[in-house]
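First the structure, in the form of structure tokens, and then the observations on it.
The values are calculated or read from the model by the stated rules, or taken from the named source; none is laboratory data. These numbers were taken from a predicted model, which means no experiment stands behind them. Here the Cβ is made from the backbone with ideal geometry for all residues, glycine too, and neighbour counts use every protein chain on show.
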Amino acid sequence: MFFFRSLVKINNLKIFYLLVCYDAKEFGKGNLIMITRGIKELCAEAEAEIETLSAEEVKEALKQPDTKLIDIRDIRELWREGAIPNAIHAPRGMLEFWVDPQSPYHKDLFATGEKFIFFCAGGMRSALAAQTVQNMGLKPVAHMAGGYSAWVKAGGETEEKKPKN
């Protein structure tokens, strides 16, 4: 099996991609191993299992004192696009570790029994994240359809997030 890795820069984001061939001699002949389920299908499956809220519904839900809004975007997205006031930043790459009480990285916040509403930039990562933590046993959870973009479009309050010096 042969792996080909490359770097692409899109909108100032560096993205790595990996092509996998059955055999190095077949590379370049179009004999790639194809995925069987794409991200759209995975997100649709996630949304069928979890609670999905619109930005307007999230605004209402946040009036409850036992509801927390969790921003899973990369910190650079917060610096670039802004943040939702009082949202808790839990980077997607650490989420499962922060939720799991057996993890050395566990955060007590996730052991409070409160409702957690996850969001990302556009609603796809947060659907998968909410599904994952729900499957881990964290409940109640939901995600915000359309993510931060939908929040901004709905006139939700935002604030600038600057890097720490």
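The table below gives the values:
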item: Residue check for Leu128: part of a helix (DSSP H, G or I) and touching a residue at least 60 places away in the same chain (Cβ under 8 Å); result: yes
item: Qualifying residue in the range 42-50 (condition: more than 18 Å from Thr158 (Cβ to Cβ), in the same structural domain as Ala121 (by TED's automatic domain parsing), in contact with a helix residue (DSSP H, G or I) (Cβ under 7 Å, 6 or more places away or on another chain) and among the β-branched types (Val, Ile, Thr)); result: yes
item: Helices (runs of 4 or more DSSP H) lying entirely in the range 34-111 (those with 3 or more residues that are in contact with a strand residue (DSSP E or B) (Cβ under 8 Å, 6 or more places away or on another chain) and surrounded by 16 or more Cβ atoms within 10 Å (Cβ to Cβ)); result: 55-61
